[in-house]
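Worksheet: the structure to be examined is printed underneath.
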Amino acid sequence: MNINLQAIREIFSRDLFAADAGITVDSVSEDCVECGMDITERHLNAGGIVQGGAIFTLTDMAFGVHSNLARVCGGKVGMTVGQSCSISYLGTARGKRLTARSALLSRGRKVSVYRVTVRDDLGNPVADMVGNAYTFDAEKG
């Protein structure tokens, strides 16, 4: 697979919700995608900690990039979308940046499963998400 990080960043910059949240695609390989987000005041909930939706959006972006990697790298594969996700919040972010790291757990012809872990820049575990993805036929999606 020919991975071009700049091209992948360009494609996923069109995910305006994630872009507005300040999420960046930091590194990409066949085995792992890392996305990051600097924590700002807009990411905090009323209690002053990172809002669960901000953390989920970060995991969803890493999941989306990884599950669509073959397609955006020129493979004859249809679009892949999230089918279901389960997230566990493990602890409060204490640092200034969050990093979501994805890993492929299983790949079938149509359904694949990814795990995305989130840590802050101090190494504290923040969240763990498992997502099931569904891939459409290339001519349909």
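Since every read-out is calculated from the coordinates, none of them should be taken as a lab result. This one's a predicted model, so the numbers in the text were calculated from it and none came from an experiment. Ideal geometry is used to build each Cβ from the backbone, glycine not excepted, and the neighbour counts take in all protein chains shown.
Which whole-number percent of Cα pairs in the stretch 90-141 have a distance greater than 14 Å?
Numbers: 764 of 1326 pairs.
Above the 14 Å cut-off, the stretch 90-141 has 58 percent of its Cα pairs.
Using Cα atoms only, what is the angle between the long axis of helix 52-67 and the major principal axis of the chain, expressed in degrees (0 to 90) to the nearest 10?
Approximately 20 degrees, to the nearest ten.
Rank GLY82, GLY74, GLY48 by mean-square fluctuation in a GNM of the chain with C-alpha springs under 10 angstrom and give only the top-ranked residue.
GLY48
Only loop residues by DSSP count here, and only those with at most 16 other Cβ atoms within 10 Å; note down the trypsin sites (Lys or Arg not before Pro) in the stretch 40-107 that meet that.
Numbers: sites: ARG42, ARG71, LYS76, ARG94, LYS96, ARG97, ARG101, ARG107; in loops: LYS76, ARG94, LYS96.
Taking the stretch 40-107 and a limit of 16 other Cβ atoms within 10 Å, the loop trypsin sites (Lys or Arg not before Pro) found are LYS76, ARG94, LYS96.
Would you mind calculating the gained length between ASP121 and SER88 on full extension (0.36 nm times residue separation, minus the Cα-Cα distance), in nm to one decimal?
10.0 nm
Can you give the convex hull volume per residue for the Cα atoms of the chain, as a whole number of Å³? Can you show the working numbers first?
Values: hull volume 14.6 nm³, N = 141.
Enclosed volume per residue, from the Cα hull, is 103 Å³.
Just ALA100, ALA46, ALA54 to compare: in a GNM of the chain, with alpha carbon springs under 10 Å, which one fluctuates most?
ALA46
With Cβ to Cβ distances under 14 Å as the rule, what net charge do the other residues near SER112 carry (K, R +1; D, E -1)? Don't skip to the answer; put the middle values down first.
Numbers: positive: ARG71, ARG107, ARG109, LYS110, ARG115; negative: GLU30, ASP31.
Result for the neighbourhood of SER112: +3.
Running a GNM on the chain with Cα contacts under 10 Å, which residue among ASP121, ASP15, ASP26 ends up with the highest mean-square fluctuation?
ASP15
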